[in-house]
1. Starting from 0.36 nm per residue, how many nanometres of slack lie between Glu72 and Ala29 once their C-alpha separation is accounted for?
2. Among Ala66, Met56, Ala125, which residue has its Cα furthest toward the positive end of the charge dipole of the chain, with +1 on Lys/Arg Cβ and -1 on Asp/Glu Cβ?
3. Can you pull the accessible area of Arg121 for me, 1.4 Å probe, Å² to the nearest 10?
4. Against the 2.2 N^0.38 Å scaling, with N counting residues, where does segment 5-90 land? I'd like the Cα-based Rg ratio to two decimal places.
5. Pick from Gly85, Gly64, Gly41 the residue whose mean-square fluctuation is largest in a GNM of the chain, springs joining Cα atoms under 10 Å.
6. Ordering Met56, Met115 by how much accessible area each has at a 1.4 Å probe, largest first, what is the list?
7. With +1 on each Lys and Arg Cβ and -1 on each Asp and Glu Cβ, how big is the dipole of the chain about its Cα centre, in debye rounded to the nearest 20?
8. Go ahead and collect, in residue order, the members of segment 88-106 whose backbone nitrogen is under 20 Å from a label point 7 Å along the Cα-Cβ direction of Arg37.
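The values are calculated or read from the model by the stated rules, or taken from the named source; none is laboratory data. Not measured: the values here are computed from a predicted model. Note: ideal-geometry Cβ built from the backbone for every residue, glycine included; neighbour counts use all protein chains shown. Note: accessible area is taken over every heavy atom of the protein model, side chains too, but ligands, DNA and RNA are not part of it. Shrake-Rupley method; radii C 1.70, N 1.55, O 1.52, S 1.80 Å.
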Amino acid sequence: MLEAMRDIDPAPQAARRRAVSIFAQADAAFLAAAWQRLGEGRTAVPLRGPDSGLVMVRGRTGGGGAPFNLGEASVTRATVRLDGGAVGHAMVLGRDEKRARHAAAFDALWQVEAMRDRVEREVVAVVEAALAEDDRKRRSETEATKVDFFTMMRGED
């Protein structure tokens with residue numbers, strides 16, 4: 001069994017992991033609109049959920065110290081199957097069942113070879129760019145409040 005696991009190419013797994021992460025962070029309205037365009041009449045049959053629950057968020061002091069429990073976060077998970085048999089999974093922060101269902105549907109659609117490039121172009125790339133822009137804005141707003149103590153003058157001069 002372990003021998004078979006070693007023979008699996010990690011590149012497609014990493015690409016899917018990246019796409020699933022993007023779907024989970026996407027805005028619910030964007031996912032719904034994108035599904036109308038890309039779903040092409042496909043039906044996503046629920047296999048599990050959507051179910052809401054809690055997960056424990058853990059942290060590490062300094063990024064490498066002993067782990068500690070930071071608190072709990074609400075999550076919603078869903079599993080769907082498309083008409084062609086592809087199964088998609090999603091877990092999103094919060095209690096938005098529609099967003100979890102759409103994220104799972106896009107995971108399944110991403111697995112359909114004929115649709116993968118289109119999903120990458122029209123969903124993954126768009127959401128990734130929006131997340132990068134949000135991060136850039138947040139960083140610039142934070143940078144504006146930064147105080148450089150080494151360049152401040154002392155009151156003695």
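1. Working: separation 43, 0.36 × 43 = 15.48 nm, distance 2.58 nm.
Answer, rounded to one decimal: 12.9 nm.
2. Positive-most Cα among the choices belongs to Met56.
3. The accessible area comes out at roughly 150 Å².
4. Values: Rg = 16.9 Å, N = 86, 2.2 N^0.38 = 12.0 Å.
Relative to the rule-of-thumb radius for its length, segment 5-90 sits at 1.41.
5. Gly64
6. Details: Met56 95, Met115 15 Å².
Reading off the accessible areas and sorting them downward yields Met56, Met115.
7. Values: 24 positive and 24 negative charges, 85 e Å.
Using Cβ point charges on Lys, Arg, Asp and Glu, the chain gives about 400 debye.
8. 99-106
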